[in-house]
Structure formats: structure tokens, C-alpha cells
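Here's the structure, in C-alpha cells; my notes come after.
Coordinate-derived values only; no laboratory data. Since the model is a prediction, treat every value here as computed from it, not as a measurement. Glycine gets a Cβ as well: all are built from the backbone with ideal geometry, and neighbour counts include every protein chain shown.
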Amino acid sequence: MSGFLAMLRRDLLLLARQRGEAVHHVLFFLLLVALFPLGTRPAPDLLLSLAPALMWMAALLAALLSLDRLFRPDLEDGTLEQLLLSREPLALLVLAKVAAYWLGGGLIFVLVSPLVGLLLGVPAQAIPVIMLSLLLGTPVLGLIGAIGVALTLGLQRAGVLLSLLVFPLYVPVLIFGAGAMQAAIEGLPAAGPLYMLSGLLLLAISLAPLAAAAALRISLE
Amino acid sequence: MLMRWFHQLGSPPYFQMLARRLSPWLAVPAVLLTAWGFYAGLVHAPPDYQQGDAFRIIYVHVPAAWLSLFVYTAMAVAAVIALVWRMKVAEAFVIAAAPIGASFTFLALVTGSIWGKPMWGTWWVWDARLTSELILLFLYLGVMALENAIEEPRSAARAASLLAIVGVVNVPIIHYSVEWWNTLHQGPTVTRFDAPAIEWSMLLPLLVSALGFTLLFAWLVLVRMRVILLRREAGSRWVREWLQNP
């Protein structure tokens, strides 16, 4: 466990030294949502019906764009090889890295989402469910993404390939995440999809780090 | 005895010999069974009481859909063997099977959409089964793209294997989530027609062509595996000897 905490502490420290990243996340989310109505009619009912899909697509894209920073800097300065050699279980270290990555990205998404909901005209009573669904769903994006990014680590530019690898695996998160939001916006109970999201999160926490660790070993072999 | 056979099978020269001997035993029945299944299905089976002759595409569609799932599962089993025992032959199976499986998935999607046009009045419906088949195609393409992108062949095969395993864990989750999604958003009233219990004279050709397709897959995968292994081991002695005296 000490390795987990040390890893988490180190990554959070690095994150705190580069606060710009967090601001970029906020701007990305806001920009995407601000541009979207420009591509269609600014009719409130239309925007409201598209709001869940839009928010989740923004989360998916943000994950895709930022996933590279999960392992790439450590690969470049040689830290990653040391992690592979350490006595601590690699899966636990990966979990710590994903946790730090999520605190610097996904969590910010969750915090900004009420503002974005406001822009899209989401009723106030739906905001808690929207935040909860992002809170449960975005870590899964990071955990599954860690597998994809670890598999493509040996490549110079993984960009589009990474999306091909991880987007099909994001389907359940998208469905239940957007499903919960949709239900909340329509004033229906959203507990069902939220339970499913929690299940996905537990499954991803327990299995994805193992797969990502195996993928790292394959990539750096 | 079984263990020894398992180890022997892992040796590329032994596999080359076995695959060569096995090929005609798969190829001939594959062609014959598929041909008979198609003939019986297209010509002999009675027309459906609701759909008339349009239902006959089932004899291509269902075997292709069945294989799209079967091949992915087989690929994932081989991927586990490849990662655990580092067996070259299993790695070759994963790489060889992916494009074949993707082709069957594509065939299932295309025939499904051709069938959908007269039955549902549209080429594409966001039906749960169609959608999960489409995502299955993307999973196949992901495995192929990853294998293509990594230059070193063995680590490419291992990476593709890991992705196949991650994919197979996700296939049921994706399937059920898509089903849940479709029932939530009950779309336009395009429902699957109620399938009555299928008549034996219609079912038999279907089973036979499914068996034929499966053998066809086994044959094709063996051919592709042989090529992959020969190319990979191009520098080794057994390949040179084998090429001189095949």
C-alpha cells in the first residue's frame, strides 16, 4: 500500500506544479459546449435533448486527448522502467497513477458540469444526478483508457489508433452515463443506470489495472 | 499424452506439417457443406409464409453472425494461451483469425441490412443486436490496427492478444448495455417480427451451412497461420529445409 500512496503523492505533486492542465480541462469542456449550439439551432428543447450525449462526448474526447500524459512523460524520463522493476505490484502503481490522473482531469469535469448544464438549460433538479453520473463514469474512462494507452506506448503517435482501441470499450459507460442524465432531465428515477455505472466502476477498478500492467510489460519488453 | 501433443503443436515445424495434412480434410467438406446448405436453402426450402422468398438470406446471415461471435471467442482463448505460454502458434492464430472474423462480422452486417430493407423498410435500424454487432466489428478492427501499428511482430501479437482478452470481457457487457439502451429509448415501431418455430426443412440447410462456414473458417485460418509462421521464421533452418523439400 505504501507504494500506492507514494505514487499517488508524487503524481499529485507533479500535477500541482503544473496547474495549467486543470484550467485547460475546464476551457476544453466549456468551449466544446459553447461551440455546439453554433452548429445547430439554439432551440432550448433541442439542446436539452442533446445535453446528455454532448456532455458524455466531451468527457470521452477529453479523456482521449489527455490519456497520453498518463504514462508518456514517465516513459520519456525513464521513471516507467523503474516502476516496472520495483518490488511493488505494478497494477497497484497503475491504479495510483490513474487515480492521480482522474483527480487532475475527470474530477474537474464533474465540478464544472453544473455550469455546463446551465448553459444547456438543464433543470436544476437534474444537476446532482449529472454530477453523480460523471463522478462514477469518468474514472472508468481513465481506467479503460490506461489499457489502451499502455498498449500503444511503443508507438510515436498513438492518437487516432487509441480512439479505435478504447471507444468501443467506452460504450457501456456512455449508455449508462447518458441514460442516467436523460432520466434525471425527464424527472424520472435514475437509480438503475447509476447502479450499473457503479458496477462498471468496481469492475474496472478491479480488472483494468491488471490488464494495463500486463500491457505495460508487453510494450516495454 | 495430451500435454505432449499440446507442446508439439506449439512447435512451428510440427504445426506446418499438421496444418498441411489437415487442410484438404477441412477444405473439401467446407465447400461441399456450404454448397449443399445454400442449394437446399435457396432452392428446396419452402418460402416463408410471411416473408416469402426474402427470408432466404438467412442462410448467409445467420452462419456469418454465428461465426462473428465464435471467431472472437476462439481468438480470445488463443490469446490467453499466447500470453501465458508464449506460444508462437497461438499468437499466429490470433493474428490470422482477426481479419477473417472481421469479414464474417461485416458480412453479417451487410446481409442484415439487405434483409432489413424489405422487412423493416430501412437499411439500418439502431436495433440492439445490430448495434452490438457493429461494435464487435470495431473491436476486431482495433485488434487488427494495433497489430499493424507495432513493428516488432512478437510484441505486436502479444499486444493484440491482450486487447482481444480485454475485448472478450467487454463483449457481454456491451451487448447487455446496448440491449438496455434500446429498450429505454423505444425507437420507432420497428420490431422484430415474431419468429415462429422454424420448420425442419428450413432449419436443416441452416445448420448445414453454419457447419460449412465453420469449417471454412478453420481452413482459412490454417492457411493464414501457415503463411504467418513461414514469414516470421523465414530466417530459420526448418523453413529453408521445408521450402526445398515441401
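Here are the numbers for the structure shown:
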read-out	value
Efficiency of FRET from Cβ geometry, residue A:84 and residue A:61, R₀ 35 Å, rounded to 0.05	0.70
Equivalent ellipsoid semi-axes, chain A, via Cα gyration tensor eigenvalues times 5, rooted, Å	32, 18, 16
Principal-axis tilt of helix B:88-120 within chain B, Cα atoms, nearest 10 degrees	10 degrees
Förster radius 22 Å - calculated FRET efficiency between residue A:198 and residue A:127, Cβ distance, rounded to 0.05	0.70
Top of A:145, A:104, A:187 by mean-square fluctuation, Gaussian network on chain A, Cα under 10 Å	A:187
Nearest-ten-degree value, helix B:128-149 long axis tilted from longest Cα axis of chain B	20 degrees
Cα lying deepest toward the dipole's positive end in segment B:1-92, options B:79, B:11, B:42, charges on Cβ	B:11
GNM flexibility winner over chain B from B:132, B:68, B:177 (Cα, springs under 10 Å)	B:177
Full-stretch length increase - residue A:23, residue A:221 - with 0.36 nm per residue and alpha-carbon distance subtracted	67.7 nm
Degrees, to the nearest 10: B:153-184 long Cα axis against longest axis of chain B	20 degrees
Fraction in percent of alpha-carbon pairs per bin - 10 Å, segment B:1-147	10, 30, 31, 19, 9, 2
Linear extension gain, residue B:227 paired with residue B:154, 0.36 nm per residue minus alpha-carbon span	24.8 nm
Span from the segment B:50-102 Cα centroid across to the segment A:179-221 one, whole angstrom	27 Å
Surrounding net charge for residue A:149, when Lys and Arg each add one and Asp and Glu each subtract one, Cβ distance under 11 Å	+2
Residue B:43-residue A:75 FRET efficiency (beta carbon distance; Förster radius 45 Å; 0.05 resolution)	0.15
Unit charges on C-beta of K, R, D, E only; dipole of chain B, Debye	1040 debye
Point-charge dipole on Cβ atoms (K/R +1, D/E -1) for the protein assembly as shown, about Cα centre, debye to 20	1160 debye
Distant alpha-carbon pairs in the protein assembly as shown (separation over 39 angstrom), percent	33 percent
Helical segments meeting 27 Å axial Cα length and Kyte-Doolittle 1.6 threshold in chain A (DSSP H)	A:44-66, A:127-151, A:159-185, A:191-219
Estimated distance in nm for a label pair at residue A:35 and residue B:237, the labels positioned 7 Å out from Cα along Cα-to-Cβ	6.2 nm
Between segment A:18-34 and segment A:70-128, the alpha-carbon center distance in angstrom	14 Å
Whole-number Å³ per residue for the convex hull built on Cα positions in segment A:1-125	115 Å³
Inter-site label distance for residue B:122 and residue A:118 at 7 Å from Cα along Cβ, in nm	3.8 nm
Burial ordering of B:144, B:17, B:75, fewest other beta-carbon atoms within 10 Å first	B:17, B:144, B:75
Shape call, chain B: gyration tensor on alpha carbons, a/c limit 1.5	oblate
Listed residues A:177, A:137, A:39, most fluctuating in chain A (Gaussian network, C-alpha, under 10 Å)	A:39
Additional length obtainable on full extension of the chain from residue B:36 to residue B:66, 0.36 nm per residue less Cα span	8.9 nm
